[in-house]
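The values are calculated or read from the model by the stated rules, or taken from the named source; none is laboratory data. Remember, it's a predicted structure, so these values are computed and weren't measured experimentally. Ideal geometry is used to build each Cβ from the backbone, glycine not excepted, and the neighbour counts take in all protein chains shown.
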Amino acid sequence: MKKHTLCMTAMLALLLTFGSILAGCNNPAGDDGKKGPDTREFSVSGTFTKSEDAGSGTVQFDLTTNAALGGTGTADRYTISGVLEDGDLTIRLRGSYDPNTGNWSVSAKSTNIVYTLDGNVDSAGGSRGSSATIAVKSGDEWVPYFFPVTEAAVSIPGAGTAEESAAGGTPPLGQGYWNMNQDFGEGYSVSLSCLISDWKVQATGTQTSPYGTSPINRSVNILELTETGSGTYEMICCYLEYVMTSANYAKAVAAYLGINENEITALDDPNGSASGRYVYASSEYSDCGNFTEAEFEKLRVFFATGGWEKWAASNGVSKENVYQKIKIWFTDGNTRFNMTYMAAVENPSEPWYYTYRFSTLAALKAADLVEEHEWEWSAIESIGPDETPPTDGGAPTDGGAPTDGGVLVLTFTR
């Protein structure tokens, strides 16, 4: 295995692209009496048009925060719900929003399709944009598709009799708004918000290093969630990934910010400018740094509303489907969850290097489970003040910091 830097290891963990544990997560809407951040009241509605093998026709949706509907309990605090109409199907959407950033995410699953919507609102509840990703079952596979949303008022006659989302998604105690702020020292830190609904996990936030601060983002569609006992679940998920070079990524960022492309350096472009503003992208990692505060706020929205994907989709960038299998377990009521990757394949030419990314669902299901290697692979430079890594594939236990060769432990707080 190649040894990663601490910053890279943390980033890969947060992007949900490699095997690591997310431990000690606190749900701000929990039962411990803490109020948490103030709620936002907002509504979002709009349409998107399906294409390719996802089908055809216009899909419309209408969403409102539960606070706007009069919810006052902690269970209602950061939730958003509504309905989606796709042809003859009208189905209920549910999800959560981040009261600090305004990011929101909802999902629903029917027999052969998973619907997910992401977006962002400002502090006054005004929408800054949204996007849709749906996963469609084709034979034994599930294939994800991305669609930009046109926001507008809609009328959904069947809203009152909409069917419920399919059972079997994330249990209620795991749903909601979660956050984490971790200072690794030496100028490296990460701030992450997780929005988890029935059939969706969205992780967004920022990483800070001595080189600047940059946004991070990953959203995955949950396809299957199988309970294996003691609060433990095996989760199969997928997401669509556009194969962007950092040069294309620089063009997308420049277009969104409305600045000259030559002001941004793409790290794989030897002729890039030396303005100090840079972007980098690969199949596992994306970075965007040294922008002004106002530009950076726009970049954060760029990630949350699918800006990168919108540019890629309209500019003919190739895309890939990615499938992963994750072990997730919930402990301490609704205040904590842990997560690690399960399915992996070793690269024979590079011992101790494992890939957790699969191009087909069949390949993922055929992969070996190599949990005994995950703990050693996840983080050579492991840290965590209150956790020790498991020795048998179970959940971490309290009692001191991990030693070298353990797992990277990220502590979530309110």
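So here's what we get for this one:
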| item | result |
| --- | --- |
| Sole residue being in contact with a strand residue (DSSP E or B) (Cβ under 7 Å, 6 or more places away or on another chain) and within 30 Å of A363 (Cβ to Cβ), chosen from L267, L299, L223 | L223 |
| Criterion: modelled with pLDDT under 90, within 30 Å of S155 (Cβ to Cβ) and not hydrophobic (A, V, I, L, M, F, W, C) - qualifying residue of Y78, Y97 | Y78 |
| Tally of residues being surrounded by 14 or more Cβ atoms within 10 Å (Cβ to Cβ), modelled with pLDDT under 95 and assigned to a loop (DSSP other than H, G, I, E, B) across the stretch 124-156 | 1 |
| Which numbered condition V243 misses (of (1) surrounded by 15 or more Cβ atoms within 10 Å (Cβ to Cβ); (2) touching a residue at least 24 places away in the same chain (Cβ under 8 Å)) | (1) |
| Residue in the stretch 187-206 that is surrounded by fewer than 17 Cβ atoms within 10 Å (Cβ to Cβ) and not assigned by TED's automatic domain parsing to the domain that holds K109 present | yes |
| Filter pass, A167 being part of a loop (DSSP other than H, G, I, E, B) and more than 17 Å from the chain's Cα centre (by Cα) | yes |
| Strands (runs of 3 or more DSSP E) fully within the stretch 176-244 counting 2 or more residues that are modelled with pLDDT of 85 or more and polar (S, T, N, Q) | 188-197, 200-209, 212-229 |
| Residue check for A159: within 24 Å of A67 (Cα to Cα), surrounded by fewer than 16 Cβ atoms within 10 Å (Cβ to Cβ), aliphatic (A, V, I, L, M) and modelled with pLDDT of 95 or more | no |
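Matching residues to (1) assigned to a strand (DSSP E or B); (2) closer than 26 Å to T101 by Cα:
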{"site": "V279", "(1), (2)": "yes, yes"}
{"site": "C288", "(1), (2)": "yes, yes"}
{"site": "F291", "(1), (2)": "no, yes"}
{"site": "F296", "(1), (2)": "no, yes"}
{"site": "V301", "(1), (2)": "no, yes"}
{"site": "W311", "(1), (2)": "no, yes"}
{"site": "G316", "(1), (2)": "no, no"}
{"site": "E320", "(1), (2)": "yes, no"}
{"site": "K327", "(1), (2)": "yes, no"}
